[in-house]
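The values are calculated or read from the model by the stated rules, or taken from the named source; none is laboratory data. What you see is a predicted model, and the numbers here were worked out from it, not measured in a lab. Here the Cβ positions follow ideal geometry from the backbone for every residue, glycine too, while neighbour counts run over all protein chains shown.
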Amino acid sequence: NAGVTQTPKFRILKIGQSMTLQCTQDMNHNYMYWYRQDPGMGLKLIYYSVGAGITDKGEVPNGYNVSRSTTEDFPLRLELAAPSQTSVYFCASSFPPNNYGYTFGSGTRLTVV
Amino acid sequence: DAKTTQPTSMDCAEGRAANLPCNHSTISGNEYVYWYRQIHSQGPQYIIHGLKNNETNEMASLIITEDRKSSTLILPHATLRDTAVYYCIVRVEGSSGSARQLTFGSGTQLTVLP
């Protein structure tokens, strides 16, 4: 099993550009999450999904969009990149009700200049 | 979810036990204590969780006080590879409401010294 796979690992964007962070999991987990982590800080939840076709906002959703057309994939879209979105982005999946079953990807380091 | 308080940083000598404290004085009866860790630049990794009984697995032990207002994560023989940020999280189990999210605080930076 590959677990949770995120691409790309690194990316530099110019202000105003758009991009999609890809996340896919092969564990048949129905819950998926996007977190961001600013330097020296804990993780903050951006969006999550409890199943295909269902998404919901987390703590810091502004400036982002998500979709969940399949169980495996949960892409995160940045429409108009801003310097405040410079961060490391982590995707995770889980199979409730076992919250200890969170599996995280290796992260995408995004810099907006 | 109940809030947690952890020290910002701790040091531990290699080969010694690392004891990481966590205060969660407002914990509710149905909330579990979870521990995750994050090694530099990697995604967080689940370590252990418990409700009220002490728990042990191949990675660590979790000691929860009788009143459940605090807990301690114990790494019995710390190695250099245990250097990481350790997060204590308190939450309910389940698949609805707040159980849908895992909320991370700032954690404790554990540095294992050679």
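Which one is nearest to the chain's Cα centre (by Cα) among residues in segment A:34-72 that are part of a strand (DSSP E or B) and closer than 19 Å to A:Ser18 by Cα? So, considering only residues that are part of a strand (DSSP E or B) and closer than 19 Å to A:Ser18 by Cα, the one nearest to the chain's Cα centre (by Cα) is A:Trp34. Looking across segment A:38-55, the residues that are in contact with a strand residue (DSSP E or B) (Cβ under 6 Å, 6 or more places away or on another chain), facing another protein chain (nearest Cβ under 10 Å) and either over 16 Å from A:Tyr89 (Cα atoms) or among the small types (Gly, Ala, Ser) (or both) come down to A:Ser49, A:Val50. Specify the residue that is modelled with the lowest pLDDT; the eligible residues are those in segment B:86-100 that are crowded, with 21+ Cβ neighbours inside 10 Å and of a type outside the set (D, E, K, R). Per the stated criteria, the residue is B:Val90. Restricting the first member to segment B:96-110 and to residues that are over 21 Å from A:Lys57 (Cα atoms) and within 7 Å of chain A (Cβ to nearest Cβ), and the second to residues that are at pLDDT 75 or above and part of a strand (DSSP E or B), the beta-carbon pairs closer than 6 Å and six or more apart or on different chains are B:Gly107/B:Val85; B:Gly107/B:Tyr86; B:Gly107/B:Tyr87.
Has segment A:71-78 got any residue that is more than 18 Å from B:Gln45 (Cβ to Cβ), of a type in the set (Phe, Trp, Tyr) and more than 8 Å from chain B (Cβ to nearest Cβ)? Yes. Each residue in segment B:6-26 was checked for being farther than 24 Å from A:Tyr35 by Cα and either of a type in the set (Asp, Glu) or within 14 Å of chain A (Cβ to nearest Cβ) (or both), and 2 pass.
If you go through segment A:1-33, how many residues are in a strand (DSSP E or B) and either aliphatic (A, V, I, L, M) or under 18 Å from B:Gln45 (Cβ atoms) (or both)? Looking only at that region, the number is 12.
The condition (being assigned to a loop (DSSP other than H, G, I, E, B), small (Gly, Ala, Ser) and within 13 Å of chain A (Cβ to nearest Cβ)) is satisfied by just one residue among B:Gly43, B:Gly29: B:Gly43.
For A:Gly16, the conditions (1) surrounded by 14 or more Cβ atoms within 10 Å (Cβ to Cβ); (2) farther than 18 Å from A:Gly105 by Cβ all hold with the exception of (1). The criterion of being within 14 Å of chain A (Cβ to nearest Cβ), touching a residue at least 40 places away in the same chain (Cβ under 8 Å) and out of contact with any Leu (no Cβ under 9 Å at 6 or more places or on another chain) holds for B:Lys3.
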